[in-house]
Amino acid sequence: MRPFFPFSAGLPRPLGANPREGGVNFALYTGHGTAVELLLYARAHDPEPAQTIRLEHRQHRSVNTWHVFVLGVGHGQCYAWRVHGPWNPSGGHRFDATLSLLDPYARLIVPRTPEDAAHEPEHGASRSGRYISVVVDPRGFDWRDVTPPRVHPSERIIYEMHLAGFTKDPSAVASRPGTFDALIERIPWIVELGVTTVELLPIFSFDPHAPDRHDPTTGESLRDYWGYNPLGFFSPHHAYLDREPTGADSVQALQELVRALHGAGLEVFLDVVFNHTGEFGLDGPTHGFRGIDNATYYLVSGDGSGRYVDFSGCGNTVRCGHPAVRRMILDSLRYWTTYFHIDGFRFDLASILSRDDQGRPVEHPPLLWEIEGDPVLENATLVAEAWDAGGLYQVGRFPGERWCEWNGLFRDDVRRFWRGEPNLSGAVAQRMLGSPDLYEAQDRQPSQGVNFVTCHDGFTLADLVSYEHKRNLGNGEDNRDGGETRTAMNCGVEGPTDDPAVNALRRLMTKNLLTTLLIAQGTPMLLSGDEIGRTQRGNSNAWCQDNAVSWTDWGLLRANADLYRFVCLLIRFRRSHHSLHRSRYLLGHDAPEGHDTPGYTRVRWHGLEPDRADWGPENRLLCYTLTPAEDDVALHIMLNAGADVVEVVLPREPRGGAWLRVIDTSLSSPDDIGPLGSYKSIKGQAYSVVGRSAVVLIGNASLHSASERATQAVVVPGSLRADPARHRTVTE
């Protein structure tokens, strides 16, 4: 016999399923639902509930929240909601009492059928009801006194990565490929690389079988790989847990990962998607939000058509201005911060969060200010993708004070500069200083601009210098999908080639882009795999390629050991020199004297001769000196995006010493970058900067003391080599 669980009125707060002494309190918000039922299942795969509790209006409803306390159930209980209400699409209401619905606050969402069962693409509503909610009690995890590292914003280097793709390829030799556990095994690699912060692509629950098409080139079913179509905002994706599929204890796998990353001194950021959900358009599946209260959770057109307003490009837009939705988003952020010790969040298409119910941008968006001022989120880093698919572009003017921004102008200007396009030296000068033209007038800091040249969305770095045309046919959209590739460069041949000259130029351009990224003021973000030449074979939108196209091939380390060495030493060089990551904007060459103190670095602009900068449209040479403050030495930087060698007269070393060469990307490894303490002396008063190359010099005056300070905080590797058995690097 199935057990019968007694129940009582319960409480309207907090929302979701919350274990208490003796049972679980269930609470659901629906502003337009007329009746609610709680469905309790003995097992996730059971077709029918073991018990249905119909909530009575007088006893179980407080304004718009329905609630019930069920005795005898607890951690691990499977459940769903059924909501009655009007079917009135023109008015925005799409209630369907035949559907079992996910709890918007579900802390674990699991499939109702085995994950290893065959799944063909299914259209729209046929996927409704394929997932179920599970009660989870996240309290009581033993953090073993491991605390978040609290990296200073000016020291931060972000590593954007797909959690599953990092270990899914057989070359990763992972014990549980594609899971939180597998990433723990790779932490030594991340530490050795030298980054400070791991930013995980979405880990919220999503339906990997949602794409309704096949790869026309292989016939294989396409899967949602990136996970930018969430089913809920509180549950880690079940496939990343890879333990007991419906076991509530499995969420500890994420807590264990965060504990391990924090123990290694690494921050953990989550890429979060609050702007749309995996219910897509009106012909998509109803998993939860649409059936619980469509008009509350989504922006619905006011023209009587009932269609969704789509600022996300994914079929729907979350109604972020509604009080209940704002509360849900804040509750989600607090949950991840409190119970999983997450250090920061990158908000996908964050400009949507600044729109009102009519889709208009708001000068002071309530949600953004509430996130910024929430005391639970006081120490969380907030990063906005400051645009959306509706054309709202807010880079340099995103609302709020604490918010950092993805600096899309850095990506575009730097790429175009190294392509050799005209009239960019002035723009790139701004980018190298941390984009003061965007942020300084608002008294923001350089670290609030997140610089990048590649990210998950678009070409990898290896593909950026190998393709000028996207190869997205495998995505099943006739190559129409994916962003523009006008800033890419194939270096003379489209795609793979055996031409040594083309491959040499590609390696050179790769090092130029990496150098520019990591010597610029601001917060650099490196795309995972770029350090070993990961390729997606020209696919610029691999969101549905859960296969070798997207996974990290660790065998590339052998072929690209020189590139990996270059990136490791480049990161260590940045971390060793405070002048490359100041908390405040640099002083111009005409600033008053007397600022040679920690925190102030002066910049002097040059051209072919000292202090004679050329800002003309045809100039493709950028030269400048960062003069030393007390805590650093002088640095001289020369970026030549032109095709010809130029002879640059060097300025006098500010403290009367000589210049030493740290980086010259035109040279072959190991001469392209020197480890700390083995820099090459420069003879003469001029330096020949090869076409399409970057050069960084350092003043040797006080270099020894500055190096001593740097090595106290930064572990400098010896010679790096690949370990074939583990496909990682070791330090000799």
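General remarks:
- Gained length - Arg360 relative to Arg486, 0.36 nm times residue gap less alpha-carbon distance: 42.4 nm
- Just so you know, the Rg over Rh for region 624-687 is 0.95, from Cα atoms, with Rh as the Kirkwood radius.
- The calculated FRET efficiency for Ala50 paired with Arg402, based on their beta-carbon distance and R0 = 60 Å, is about 0.80.
- Helix content alone sets the calculated 222 nm mean residue ellipticity of the chain: runs of n ≥ 4 DSSP H residues at -39500 (n - 2.57) each, divided across all residues, give -5500 deg cm²/dmol.
- Projected label points at Asp478 and Phe141, each 7 Å from Cα along the beta carbon direction, are separated by 4.6 nanometres.
- Karplus-derived 3J(HN,Hα), 6.51/-1.76/1.60, for each residue of region 524-535, Hz, glycine and proline x: x, 10, 9, 7, 3, x, 5, 6, 10, x, 4, 10
- Prolate/oblate/rounded label for region 233-288 (Cα gyration tensor, a/c 1.5): oblate
- Cα-based shape type of region 1-144, given that a ≥ b ≥ c are square roots of the gyration tensor eigenvalues and the cut on a/c is 1.5: oblate
- Three principal axis lengths of region 383-479 [C-alpha, angstrom, descending]: 45, 30, 20
- Asn503-Leu608 FRET efficiency (beta carbon distance; Förster radius 35 Å; 0.05 resolution): 0.70
- Between Ala559 and Ala441, the simple label model (points 7 Å from Cα in the Cβ direction) yields a spacing of 4.7 nm.
- In this simple spin-label approximation, Phe4 and Arg655 carry label points 7 Å from Cα along the Cα→Cβ vector, and these lie 8.4 nm apart.
- Volume per residue of the convex hull around the Cα atoms, evaluated for the chain, comes out as 160 Å³.
Read-outs: derived from the displayed coordinates by stated rules, not from any lab. Just so it is clear, the model here is predicted, and its values are computed rather than measured. Counting neighbours? That spans all protein chains shown, and the Cβs are built from the backbone with ideal geometry, glycine included.
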